[in-house]
Amino acid sequence: MDAPTTTPGENGMSGGDGWFTPRKVPPVLPPDGDQEQAADGTVDAPAWRPVDVPPSPSTDVQRVVPVQRSASAVEPASADAVLIRRTMAEIAPIADKVTSYFYALLFVRHPELRALFPAAMDVQRDRLLKALLTAAEHLDDTAALVGYLRDLGRGHRKYGTRAEHYPVLGECLIGALSEYAAAVWSPETEAAWVRAYTTMSQTMIDAAAMDELLSPAWWHAEVVTHELRTPDVAVLTVRPDQPYPFLAGQYTSLETPWWPRVWRHYSFASAPRSDGLLTFHVKAVPAGWVSRALVHRARPGDVIRLGSPVGSMTVDHKTDGGLLCLGGGTGIAPIKALVEDVAEHGARRRVEVFYGARTESDLYDIDSMLGLQRAHPWLSVRPVIDQRAFRRLPDAVREYGPWTGYDAYLSGPPGMIRSSVDALRGIGVPSHRIRHDAVEEVLVAGD
């Protein structure tokens, strides 16, 4: 079934007053809202199925959408939201077919857009559609959704996405949904999707337009040092070609010269430095194109590209409460950055770090963390090795409580995040004090 009829414009885009047409007004950003990876090579669930606890950016996966909902999310769902969720319930069992049809429509109708995507579409062919669908599902959670859409719009600049591309994507989205959700599709459903997508796309367009006034679409960065800590974990330090502003606890997307247009997310492993250098911890995963290139192929002198910094797992320095930090595997990277951030602000607030690993050799950054502990009496670092103690990280955290008055920061594999959130809630830590970059779980076969 074809997408709804529109008034064709130049290059096949919607024109005039056709639906999905971006507004011709100066960009106005919505009010600030709340913001948003899983180990590679695992099985993907349908992207539009909500999950309670997301994985961390430092594990090299794709960020998608907020999960921890604001108070507005518990209000009765709007009529549009009900119709949208009914559509997604219908297509969830056939997610792959919907995705394939969406891209078939897109590339047949607009072959000029193929160059915006990686040569190997099997790597991340479904990410764009997943992002749109999961955003639509959270339609009523305005506070959380706006922050995510703004990040998405800014992030799409590095792909070469322009305002005129959004009508095309919307038409193909409607075309795919109406084809595979025919049993629940109706004029009212189509109208709900049109309204939702129009609002979502305009938020992204406005955010991208404002961001263009402030920063480049990407930064080039030269690899300065490359240290192989274990056979599959490397610590890379890079020098951006121009100032790169970010906050400790945030993350960015990286593209290597070996896999053009394939971007992966990594957390910053240090607080902002006076010399402008950036550090990342990267673990090579099976079939991980970007991660394996960064670990095994990158060398000093190579140049990579960086997207804009994103993420809200940052420290509020206006308070003096303690920090409870849980880092598993390469999830220790943003935790280390947070510790450095607290130190640089001169606050003597308690910081308790639990560094989890399966084996002792997986504690690749323990010497550095213990060095920070020796330098700062307010910091405690406790390594937790599964195979040695026969207990997992959440168990150790429970044993050392209580954690009244602490803000919890979590980063690591998705399983660790889930179990840690459950453990913290179980011992009385309120949800609003448990922090991680909330995302819809998107697991891809690759990195």
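Every number in this text was worked out from the coordinates using simple rules, so none of it is lab data. Note that the structure is predicted; figures quoted are calculated from it, not measured. Note: ideal-geometry Cβ built from the backbone for every residue, glycine included; neighbour counts use all protein chains shown.
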Defining a contact as two alpha carbons under 8 Å apart and six or more residues distant in sequence, what relative contact order in percent does the stretch 123-248 show? 26
Between D316 and E227, what is the label-to-label distance in nm when each label sits 7 Å out along the Cα-to-Cβ direction? 3.4
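If you add up the charges near H226, with Lys and Arg at +1 and Asp and Glu at -1, over every other residue whose beta carbon is less than 12 angstrom from its beta carbon, what do you get? If you can, show how the numbers build up before the last one.
Details: positive: R229, R297, R299; negative: E222, E227, D302.
Net charge in that neighbourhood comes out at 0.
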Based on the Cβ-Cβ distance of E360 and S186, what FRET efficiency does E = 1/(1 + (r/R0)^6) give at R0 = 51 Å, to the nearest 0.05? 0.30
What are the lysines whose alpha-carbon lies under 23 Å from the alpha-carbon of K130, with same-chain residues fewer than 8 places away excluded? K97, K158
Check the straight Cα-Cα distances from K336 and name the lysines below 25 Å, setting aside those fewer than 8 residues away within the same chain. K283, K318
Expressed in nanometres to one decimal, the distance between label points 7 Å along Cα→Cβ at E112 and V82 is 4.2
Full extension between L277 and D96 adds, at 0.36 nm per residue less the Cα distance, a length in nm of 61.1 nm
Under the Karplus curve 6.51 cos²θ - 1.76 cosθ + 1.60, θ = phi - 60°, whole-Hz ³J(HN,Hα) for the stretch 308-318, x wherever Gly or Pro sits: 6, x, 9, x, 10, 7, 10, 8, 8, 7, 7
Within-9-Å neighbourhood charge of W378 [Cβ basis; K, R +1; D, E -1]: +3
Report the label-to-label distance for R425 and R350 in nanometres (one decimal), using points 7 Å from each Cα along the Cα→Cβ vector. 2.5
